[in-house]
1. For region 201-255: of the residues being among the aromatic types (Phe, Trp, Tyr) and part of a helix (DSSP H, G or I), which is surrounded by the most Cβ atoms within 10 Å (Cβ to Cβ)?
2. Looking only at region 124-155, which residues are free of Cβ contacts under 8 Å to residues at least 60 places away in the same chain, surrounded by 13 or more Cβ atoms within 10 Å (Cβ to Cβ) and outside any loop (DSSP other than H, G, I, E, B)?
3. Do we find that residue 121 is crowded, with 19+ Cβ neighbours inside 10 Å, within 17 Å of the chain's Cα centre (by Cα), in a helix (DSSP H, G or I) and at pLDDT 95 or above in this structure?
4. Suppose we keep only residues that are touching a strand residue (DSSP E or B) at 6+ places or on another chain (Cβ under 7 Å) and aromatic (Phe, Trp, Tyr) within region 79-132. Which one would you say is farthest from residue 226 (Cα to Cα)?
5. Got at least one residue in region 166-183 being over 29 Å from residue 34 (Cβ atoms), free of Cβ contacts under 8 Å to residues at least 40 places away in the same chain, among the β-branched types (Val, Ile, Thr) and surrounded by fewer than 19 Cβ atoms within 10 Å (Cβ to Cβ)?
6. In the set 31, 67, which member is small (Gly, Ala, Ser) and in a loop (DSSP other than H, G, I, E, B)?
7. For region 53-64, what are the residues that are part of a helix (DSSP H, G or I) and within 12 Å of residue 113 (Cα to Cα)?
8. For region 26-73, give me each residue that is among the aliphatic types (A, V, I, L, M), out of contact with any strand residue (DSSP E or B) (no Cβ under 8 Å at 6 or more places or on another chain) and closer than 24 Å to residue 209 by Cβ.
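The values are calculated or read from the model by the stated rules, or taken from the named source; none is laboratory data. Quantities reported herein were computed from a predicted structural model and do not represent experimental measurements. Positions of Cβ are generated from backbone atoms using ideal geometry, with glycine treated the same way; all protein chains shown enter the neighbour counts.
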Amino acid sequence: MTTTHATGTREQWLDARLDLLNAEKEFTRRGDELARRRQALPWVRVDKSYRFETGQGSASLADLFRGRSQLLVYHFMFGPDYKAGCPSCSSIADGFDGFAIHLAHHDVSLTAVSRAPYAKLRDYQRRMGWTFPWASSAGSDFNFDFNISFTEEQQREGTVDYNYQRGRHAMDAVPAPEPVAQFAATCGTDASTYARDRPGLSAFVIEDGVVYHTYSAYARGLDGLWGMYQWLDRAPKGRNETGVWWRRHDEYELG
């Protein structure tokens with residue numbers, strides 16, 4: 001069968017590749033500039049006291065730094081009524097153990113935070129074979145204050161404030177979009193309950209015992225953390241998806 005994709009000589013490929021290289025370099029320079037702008041954002045002092053449950057017991061937000069000056073929190077979708085963690089967050093978290101040790105040796109602590117009770121997080125973490133720090137914010141306002149979890153009332157009234165937009169978001173649609181319903185089912189809950197928690201990343205710094213919030217990103221702002229997509233974007237057919245295809249890593253059929 002003859003391919004329908006454009007073909008050419010090695011010389012034609014090289015000409016096209018060099019043209020693309022210029023665009024890639026510009027993209028990299030733009031990424032460097034965006035990183036500088038992230039780091040230039042004003043810091044906001046965190047005066048509210050939050051408590052978390054961890055493998056080492058009760059902890060404050062400052063304790064999550066584990067003696068380092070910087071903290072990256074991945075807001076992992078695992079609500080109190082879930083029976084398993086979100087498959088998308090799980091695929092992102094599959095990479096955490098590999099680079100957390102490098103971050104730790106560069107004065108940055110990485111932890112996941114979810115609203116589920118710590119016992120649920122611990123059991124799921126064991127199932128997945130992960131070792132990165134994971135804290136439960138159950139009973140705390142942390143997830144709500146950082147616009148990552150929402151109430152049933154907010155969903156009903158269309159006042160969810162997520163990804164810097166207030167209103168009714170795609171995940172709140174009725175009936176629920178098929179991917180939302182599908183993911184909810186794999187988490188052992190319904191779509192509305194599932195959608196009360198969202199994915200995100202928040203960054204913090206501590207100086208002289210004072211914690212500051214420096215940055216948060218949500219939704220497609222997390223693409224760069226989703227390791228499999230960085231590889232697929234460089235594969236011949238790219239993301240090549242028409243729907244939800246990924247699963248938790250222990251749910252694929254062995255092949």
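1. Here the residue is 229.
2. Result: 124, 125, 144, 154, 155.
3. yes
4. Filtering region 79-132 for residues that are touching a strand residue (DSSP E or B) at 6+ places or on another chain (Cβ under 7 Å) and aromatic (Phe, Trp, Tyr), the one farthest from residue 226 (Cα to Cα) comes out as 118.
5. Within region 166-183, one or more residues are over 29 Å from residue 34 (Cβ atoms), free of Cβ contacts under 8 Å to residues at least 40 places away in the same chain, among the β-branched types (Val, Ile, Thr) and surrounded by fewer than 19 Cβ atoms within 10 Å (Cβ to Cβ).
6. The conditions single out 67.
7. 64
8. 40
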